[in-house]
1. Can you work out the accessible area per residue across segment 45-100, with the rest of the protein chains kept in place, probe 1.4 Å, in square angstrom?
2. For ASP177, tell me the accessible area in Å² from a 1.4 Å probe, rounded to the nearest 10.
3. When all protein chains stay in place, what accessible area (Å², nearest 10, 1.4 Å probe) is found for THR179?
4. Gap in Å between the Cα centre of segment 83-111 and the Cα centre of segment 140-167?
5. Provide the per residue accessible area, probe 1.4 Å, for segment 148-249, rounded to a whole number of square angstrom.
6. So, with a 1.4 angstrom probe, what is the percent of accessible area on segment 169-249 that is carbon and sulfur?
Amino acid sequence: MSGGRPAPLRLAHVEQRPEVVVVVAPDEPPAGCEALVVEPALAGVARIGTPGRAGSRIVVCASLPGIGGRYLVQVARSAAAGGWAAEELAALVVELERRCTYLLLASTVAPLLGSRPRRAGVHGPRRAVAWDGGGWSGAHTRDLAASARTVSGRGYLCAAAASGSAPPRTVAASLADLTASGVSVGRITHGVAAALGASWAVELLGAPPLSAAQLQRLREQFGAAPRCDWCGLPVVGRHCRRCSPGRHS
Ligand SMILES: [Zn+2]
């Protein structure tokens with residue numbers, strides 16, 4: 001700056017950013033707006049792009065299918081309505097997913113394990129897998145009730161859903177017990193069963209409670225976090241979880 005007056009502070013006119021659009025691939029975001037594209041788990045070949053930022057859109061891949069993925073998108077949309085930036089929303093989806101628990105029982109869960117981070121020992125034909133934030137582990141169809149108790153005991157939001165045809169009798173009985181204990185159990189016509197190509201599927205999602213104050217704290221944390229030198233998005237923890245999925249930090 002030479003001589004003249006210092007540039008005026010512009011704090012008084014903070015730009016009103018247009019709301020970031022959150023879409024689920026393969027839906028294209030409207031042209032010209034900032035967008036977060038959430039690539040669903042089990043998207044198959046319909047991938048819209050590689051994770052990270054490209055122009056005005058950021059792509060993140062959800063690991064949780066079904067009601068898990070839908071919950072993440074719903075939270076991201078409400079944060080977007082609150083004025084969050086696209087990169088903060090991307091961090092929210094990734095970090096919230098790590099804190100969710102999810103149990104999937106189905107006639108087959110193999111398609112989910114195809115290319116996803118998983119723990120050693122999860123292989124072969126199986127009918128149950130559990131997500132614990134960093135990857136998938138083997139589970140058993142009888143784990144439903146215990147898993148719901150753990151989720152509720154932590155004070156987490158707990159929701160279950162059944163899709164496809166009727167599950168085996170023992171699983172149906174556990175679902176009836178869940179309903180009786182006050183867990184909301186939805187019935188979805190296609191849902192994750194169709195996405196898996198399974199005849200039946202039952203899901204149980206546990207999600208941490210998110211108050212407006214917690215969301216605000218998270219946003220501040222993401223805003224202050226260093227940016228990944230690979231994808232440019234906020235890094236919470238030691239590694240960027242979009243570029244190095246499945247690593248624990
Ligand atoms: Zn990255």
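1. Computed with neighbouring chains in place, this is 37 Å² per residue.
2. Solvent-accessible area, nearest 10 Å²: 100 Å².
3. Per-residue accessible area (THR179): approximately 80 Å².
4. Taking the Cα centre of segment 83-111 as reference, the centre of segment 140-167 is 17 Å away.
5. Spelled out: the 1.4 Å probe surface of segment 148-249, per residue, equals 54 Å².
6. 55 percent
The values are calculated or read from the model by the stated rules, or taken from the named source; none is laboratory data. Small disclaimer: the values here were computed from a predicted structure and weren't measured. Side chains included, ligands, DNA and RNA excluded: accessible areas come from the protein's heavy atoms. Shrake-Rupley method; radii C 1.70, N 1.55, O 1.52, S 1.80 Å.
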